[in-house]
1. Can you give the FRET efficiency to the nearest 0.05 for residue 78 and residue 8, using r as the Cβ-Cβ distance and R₀ = 30 Å?
2. If each residue of separation counts as 0.36 nm, what is the full-extension length gain between residue 126 and residue 144 once their alpha-carbon separation is subtracted?
3. Over all pairs of distinct alpha carbons, what does the Kirkwood formula give as the hydrodynamic radius of the chain, in Å?
4. How much length would be gained if the chain were fully extended between residue 87 and residue 67, taking 0.36 nm per residue of separation minus their Cα-Cα distance, in nm to one decimal?
């Protein structure tokens with residue numbers, strides 16, 4: 001899958017419909033759901049969104065936690081129990097349910113922010129505040145990233 005990258009602001013209409021950026025829709029094309037899964041982020045006041053393949057990976061990963069443990073229960077609540085499968089309409093829009101709009105304080109605009117295999121949906125001003133703080137924290141910590149090797153020959 002092509003990584004989901006960048007920031008895109010789209011309008012939300014009175015019915016809660018918002019157009020998912022075309023580049024995101026194109027990257028998710030061919031998955032079992034012609035749409036996206038959306039659920040409240042348990043780390044921020046934003047929405048997490050992903051395709052069916054990534055949602056299946058999340059569900060499978062819950063199996064790595066101890067069955068009936070508090071951690072397994074909490075993660076199932078945070079991800080699976082609050083997820084909505086939202087189909088694209090012919091214009092590439094999804095309808096965000098009222099509880100998701102309220103959770104992320106979304107009213108008339110949504111900022112879609114790519115995060116590789118998934119994306120977040122933010123209220124634009126909240127994203128700007130979060131982004132500035134995240135960049136400052138990364139600078140302060142001297143954050144680094146170990147770059148994965150490329151193909152089998154080790155090409156970048």
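1. Working: r = 25 Å, r/R0 = 0.85.
Efficiency computed from Cβ-Cβ geometry: 0.75.
2. Here the segment from residue 126 to residue 144 would lengthen by 4.0 nm.
3. 16.9 Å
4. Numbers: separation 20, 0.36 × 20 = 7.20 nm, distance 3.12 nm.
Extending this stretch completely gives an extra 4.1 nm.
Each value in this text was obtained by applying a stated rule to the coordinates, not by laboratory testing. This one's a predicted model, so the numbers in the text were calculated from it and none came from an experiment. No Cβ is skipped: glycine too gets one built from the backbone with ideal geometry, and neighbour counts run over all protein chains shown.
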